[in-house]
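K.L.:
Here's a structure for you.
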Amino acid sequence: MSANSAESAEQARQNSADQARRVDVVLVKAGRTKIRYAAELLADDGIRVAVRAPWAGEGVRDFGFVRFEPGDVFTEYYWRDRWYAVKEVRDAAGALKGWYCDVTRPATLSGTDLVVEDLDLDLWVSGDGTEVLRLDEDEFAESGLAERDPEAAAAAVAALDELESRARGGGVAELFG
């Protein structure tokens, strides 16, 4: 076998390994795909899936309390048995901005699609843990979920309460427990 053949075989193995570590995060809202983006699969223990991806939005998104912008890196944690996802946000230099927590139905991984249904409620925790903000409660109320699916609505509110309690009580490290 020539050196070029060995290099080609090694490159093919590496490409295959890289593809095995890729997933598409698919965020669904009101039955439609809100956003789909490629992410690196970091871990999957059967209950929690961890991925890393660059900011997938277009341009800068300024929420007032934080700005998401090109170069930001999100390390995202999804659970198959919890009604939320936690996204650690760092800037391009690696400085922690904070954690953006989405209230969602439990995640499913189908092939290479990691699918989560956004239920409107969110929580922001600043990088230093001093700012904890409940977000989009008005959107949640207007969504009609409480009327259409009262059990899911109750689970969503309980998830937001749990996230806030963890953020305020045990520090932000508790979000990953």
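The values are calculated or read from the model by the stated rules, or taken from the named source; none is laboratory data. Since the structure is predicted, the reported quantities are computational estimates derived from the model, not experimental observations. To get the accessible areas, we keep the full protein, side chains included, count just its heavy atoms, and leave off ligands, DNA and RNA. Shrake-Rupley method; radii C 1.70, N 1.55, O 1.52, S 1.80 Å.
K.L.:
Could you pull the accessible area for GLU69 with a 1.4 Å probe, rounded to 10 Å²?
P.N.:
Looks like 50 Å² after rounding.
K.L.:
Let me ask you something else. Taking the Cα centroid of the range 81-114 and of the range 45-62, what is the distance between the two, rounded to the nearest whole Å?
P.N.:
If you average the Cα positions of each part, the centres end up 6 Å apart.
K.L.:
Reachable aspartates and glutamates from LYS87, Cα under 13 Å, same-chain residues fewer than 8 places away excluded?
P.N.:
ASP72, GLU76, ASP102, ASP122
K.L.:
Which of rounded, prolate or oblate describes the range 53-120 when judged by the alpha-carbon gyration tensor and an a/c cut-off of 1.5? Please report the intermediate quantities before stating the final value.
P.N.:
Values: a/c = 2.05, a/b = 1.76, b/c = 1.16.
The shape class here is prolate.
K.L.:
Let me make sure I get this right: for the range 25-177, a, b and c are the square roots of the gyration tensor eigenvalues over alpha carbons, sorted descending. Under 1.5 in a/c it's rounded, otherwise prolate if a/b > b/c, else oblate. Which is it? Display every interim value, and only then the final one.
P.N.:
Numbers: a/c = 1.35, a/b = 1.15, b/c = 1.17.
It is rounded, given that a/c, with a ≥ b ≥ c, falls under 1.5.
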